[in-house]
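The values are calculated or read from the model by the stated rules, or taken from the named source; none is laboratory data. Because the structure is a prediction, the values reported are computed rather than measured. A quick note on method: Cβ atoms are made from the backbone with ideal geometry, for glycine too, and the neighbour counts reach across all protein chains shown. These area figures cover heavy atoms from the full protein model, side chains too; ligands, DNA and RNA do not enter into them. Shrake-Rupley method; radii C 1.70, N 1.55, O 1.52, S 1.80 Å.
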Amino acid sequence: MTTDTVHLGAARPAPAWAVRVAHLIPLVVLPSGLWRIALVAGLPIGAYAYGAPVDPGPGESVYIVSLSLVSEGLALLSFGLVRPWGEVFPRWLPLVGGHRVPPSFAVTLATAGAVPLILIWGNAAWGVAVNGNDLGFTPAGFALAAACYLPLALWGPLLLTLAVAYHHRHRPPRPARPSRPRHS
């Protein structure tokens with residue numbers, strides 16, 4: 001064990017609200033993944049292109065399912081901002097395994113993920129609000145797609161909130177300010 005290795009219980013625990021936010025992130029990502037998998041499975045979800053139901057080919061299907069799995073996997077990584085396993089690099093990683101995760105590294109990665117998510121899904125939500133159903137979906141299919149994809153607009157802000165909470169939890173404590181005498 002090196003001097004950089006941290007004991008898992010060394011950091012302050014995440015507040016309960018942050019743990020709830022970390023649990024919420026995979027749940028806001030899940031509906032869109034399930035919608036994509038339903039599309040690949042050929043379920044009638046009202047997705048049309050050029051007047052016919054969308055029928056992705058084998059290559060597109062692999063991509064769509066992979067996108068769903070990777071998205072959900074990335075969403076699950078938000079637990080690293082509230083759990084002890086996010087405080088120490090896994091032992092199997094060369095050079096850094098078993099060492100403390102620098103808080104600035106975790107905050108930078110989370111922020112670097114949150115900002116594009118805010119821009120991408122905020123823009124998509126704005127596009128739906130402005131353009132409505134310009135994709136050729138059936139009305140029910142559009143409502144289903146919107147219900148499955150609009151929660152993604154929360155992913156970035158929730159992740160950014162966790163990054164800020166992680167930063168506050170890991171910054172050095174401020175020195176106590178001397179108390180001022182009260183004037184009567």
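Quick check on segment 160-184: of everything there that is in contact (Cβ under 8 Å) with a residue 24 or more places away in the chain and of a type in the set (D, E, K, R), which residue is farthest from residue 86 (Cα to Cα)?
171
Only one of these is over 13 Å from the mean Cα position of the chain (by Cα) and under 24 Å from residue 136 (Cα atoms): 83, 36. Name it.
After ruling out the rest, the residue left standing is 36.
Please go through segment 95-106 and pick out each residue that is at negative phi and open to solvent by 30 Å² or more (accessible area, probe 1.4 Å).
96, 99, 100, 102, 104, 105
Sort out which residues of segment 74-94 are assigned to a helix (DSSP H, G or I) and exposed (fewer than 13 other Cβ atoms within 10 Å of the Cβ), and write them in order of number.
85
Listed residues 157, 139; which is open to solvent by 30 Å² or more (accessible area, probe 1.4 Å) and within 11 Å of the chain's Cα centre (by Cα)?
157
Restricting to segment 107-124, count the residues that are surrounded by fewer than 17 Cβ atoms within 10 Å (Cβ to Cβ) and not β-branched (Val, Ile, Thr).
Looking only at that region, the number is 7.
Which of (1) under 17 Å from the mean Cα position of the chain (by Cα); (2) open to solvent by 60 Å² or more (accessible area, probe 1.4 Å); (3) among the small types (Gly, Ala, Ser) is the odd one out, the single condition residue 51 does not satisfy?
(1)
Tell me whether segment 144-154 contains one or more residues that are open to solvent by less than 60 Å² (accessible area, probe 1.4 Å), more than 11 Å from the chain's Cα centre (by Cα) and under 20 Å from residue 14 (Cα atoms).
no
Could you list, in sequence order, the residues of segment 54-68 that are outside any loop (DSSP other than H, G, I, E, B) and either surrounded by fewer than 13 Cβ atoms within 10 Å (Cβ to Cβ) or without any contact (Cβ under 8 Å) to a residue 24 or more places away in the chain (or both)?
58, 59, 60, 61, 62, 63, 66
Restricting attention to segment 160-180, and to residues there that are of a type in the set (A, V, I, L, M) and surrounded by fewer than 17 Cβ atoms within 10 Å (Cβ to Cβ), which single residue is nearest to residue 25 (Cα to Cα)?
Step by step, filter segment 160-180, then rank; the result is 164.
Could you figure out which of (1) aromatic (Phe, Trp, Tyr); (2) within 18 Å of residue 13 (Cα to Cα); (3) free of Cβ contacts under 8 Å to residues at least 24 places away in the same chain isn't true of residue 92?
Evaluating residue 92 over (1) aromatic (Phe, Trp, Tyr); (2) within 18 Å of residue 13 (Cα to Cα); (3) free of Cβ contacts under 8 Å to residues at least 24 places away in the same chain leaves (2) as the failure.
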